[in-house]
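Chemist: Pasting a structure below so you can have a look.
The values are calculated or read from the model by the stated rules, or taken from the named source; none is laboratory data. As the structure is a computational prediction, the values presented were derived from the model and not from experiment. Positions of Cβ are generated from backbone atoms using ideal geometry, with glycine treated the same way; all protein chains shown enter the neighbour counts. Only protein heavy atoms, including side chains, enter the accessible area calculation; ligands, DNA and RNA are left aside. Shrake-Rupley method; radii C 1.70, N 1.55, O 1.52, S 1.80 Å.
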Amino acid sequence: MKIIVVGCGKIGATIVDSLTAEGHNVIAIDNSPSVIEEITNLYDVMGVCGNGADCETLSEAGIEDAELFISVTDSDEMNMLACFLAKKMGASYTIARIRNPEYNDKSLGFMRHHLGLDMAINPELLAAREFYRLLKLPSAAKVETFSGRTFEMVEIKLKSDSVLDGLSLIEMRKKYQVNVLVCIVQRGDKVFIPDGNFILKSNDRIGITGKPAEILKFFKALGIMQKQAKDVMILGASRTSYYLAKMLLNGSSDVKIIELNPEKCKQFSEYLPGAVIINGDGAQQELLLEEGIKNTDAFVSLTGMDEENILISYFASTMGVPKIITKVNRKEFVLLAQKLGAESIVTPQNIVADILVRYARGLENTIGSKIETLYQLMDGKAELLEFIVSADCDIIGIPFKDLNTKSGTLIAGIIRNRKAILPSGEDCLQENDKVIIISSTLGMTELSDIIR
């Protein structure tokens, strides 16, 4: 598929990386010659230096036969204009990055209709939602939801003294009598799609699917259940901080935001009257101690510097903060953060990349199914996909025990009439089911890809 990406900053570069890995023909546009030189050196893409909202630049990039056009510059207005022109000049589908909180749902709907936008994405809002999910379920290192929280996939890391150490999955289910499925395990650099005989070990990172109530029951049985974070300290006054604080305040949580820039503090005091805004340097341990970091339920590090986020999160862990979430933008720093003990790491551009990869796969010719959701798991070593089963799906009605599924692939859940089902070998798919697939083989575009 021919895809044009305008704006090659952190978000744009991650999108280019993900889409080229999918095998798409990607053309990158940026008005900085050095950025274009870097992006074309790193990836097998064509680069065009110029303004993404300029007709000549778009023509040079071949806009007339582009199947997907994505604009993710720092300017919302530039992105909207670029998408408007791209659609007029022949692009089939357009997606714009729109981040300003002043563009509410009503105005976005109006603009999408009149500008011909097929999708608007807000990386900061998407990241804030992920932070919020983690604060509502602090025991998890990662939480992915499906169909209005009918079904969840959560990741946890087993501690060195975990009660699951040495248990097979069959033994675990017998012992704890909970209706959850351990669907993926990361052990060091290796990822496993386990069967019932798989034996868990301390320090494994495991993915669990099930109904939210069953997952909570499982956490309680393991003795790792943490209360929801009601007293939250946020470092850094950014758009993500604003969205997250607003969600927390609406949920009756106490929010304290620490920010060095006095002008931002003034703005946040006006925008978020229910939050406590502290003007100070959050890198100073004395300030964090004065503001009660030892007594807070959760600490969220949201500055613009990965190094600062990682180091201050580490300090928070030494102070015994129950839940710590760290924003890390650079891929190479994620492993460093994990080695320093960070369990909940959120990378905003990866969230966006997952959405756009799913969208691009959905535009490709799929038979009998449609991709509804796509998440990268275990540092990108596996994928979780949610398909909607169409009437012409060729595996409808066949018991799962009779399907010759590929190695490294697991049917992890079914959502049928808003009810979650953990599948057994006797279950089979029906039309309009939503089915959750976990796969260590990347690049699935349709449900039938699970069959050998």
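Chemist: Would you confirm, using the coordinates I've provided, whether Ala86 is touching a residue at least 60 places away in the same chain (Cβ under 8 Å), under 17 Å from Cys8 (Cα atoms), part of a helix (DSSP H, G or I) and of a type in the set (A, V, I, L, M)?
Modeler: So Ala86 does not fit the description; no.
Chemist: Of the residues Ile436, Ile388, which is closer than 17 Å to Gly207 by Cβ and either among the aliphatic types (A, V, I, L, M) or not in a strand (DSSP E or B) (or both)?
Modeler: None of the others qualify; the one that does is Ile436.
Chemist: If you don't mind, another one. For Lys88, state whether it is open to solvent by 60 Å² or more (accessible area, probe 1.4 Å), of a type outside the set (A, V, I, L, M, F, W, C) and more than 24 Å from the chain's Cα centre (by Cα).
Modeler: Judged against the criteria, Lys88 is a match.
Chemist: From the residues in region 197-235 that are among the small types (Gly, Ala, Ser) and assigned to a strand (DSSP E or B), which one is surrounded by the fewest Cβ atoms within 10 Å (Cβ to Cβ)?
Modeler: Within region 197-235, the match that is surrounded by the fewest Cβ atoms within 10 Å (Cβ to Cβ) is Gly210.
Chemist: Another question, if that's okay. Name, by its number, the condition in (1) in contact with a Leu (Cβ under 8 Å, 6 or more places away or on another chain); (2) within 19 Å of Lys174 (Cα to Cα); (3) not small (Gly, Ala, Ser) that does not hold for Leu235.
Modeler: Failing condition for Leu235: (2).
To keep it simple, each residue is scored yes or no on (1) crowded, with 19+ Cβ neighbours inside 10 Å; (2) out of contact with any Asp or Glu (no Cβ under 9 Å at 6 or more places or on another chain); (3) among the charged types (D, E, K, R); (4) modelled with pLDDT of 90 or more.
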residue: Met378; (1), (2), (3), (4): yes, no, no, no
residue: Leu385; (1), (2), (3), (4): yes, no, no, yes
residue: Val389; (1), (2), (3), (4): yes, no, no, yes
residue: Gly397; (1), (2), (3), (4): no, yes, no, yes
residue: Phe400; (1), (2), (3), (4): no, no, no, yes
residue: Thr405; (1), (2), (3), (4): no, yes, no, yes
residue: Val435; (1), (2), (3), (4): yes, no, no, yes
residue: Ser439; (1), (2), (3), (4): yes, no, no, yes
residue: Ser448; (1), (2), (3), (4): no, no, no, no
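Chemist: Only strands (runs of 3 or more DSSP E) wholly contained in region 11-80 count here; list those with 3 or more residues that are closer than 19 Å to Val357 by Cα, touching a residue at least 60 places away in the same chain (Cβ under 8 Å) and touching a strand residue (DSSP E or B) at 6+ places or on another chain (Cβ under 7 Å).
Modeler: By residue number, 68-71.
Chemist: Same structure, new question: Go through region 385-399 and count every residue that is in contact with a strand residue (DSSP E or B) (Cβ under 8 Å, 6 or more places away or on another chain) and of a type in the set (Gly, Ala, Ser).
Modeler: Of the residues in region 385-399, 2 are in contact with a strand residue (DSSP E or B) (Cβ under 8 Å, 6 or more places away or on another chain) and of a type in the set (Gly, Ala, Ser).
Chemist: With the requirement that a residue be open to solvent by 10 Å² or more (accessible area, probe 1.4 Å), in a loop (DSSP other than H, G, I, E, B) and not small (Gly, Ala, Ser), what does region 236-292 give you?
Modeler: Scanning region 236-292 gives Leu260, Asn261, Pro273, Asp281, Gln284, Glu291.
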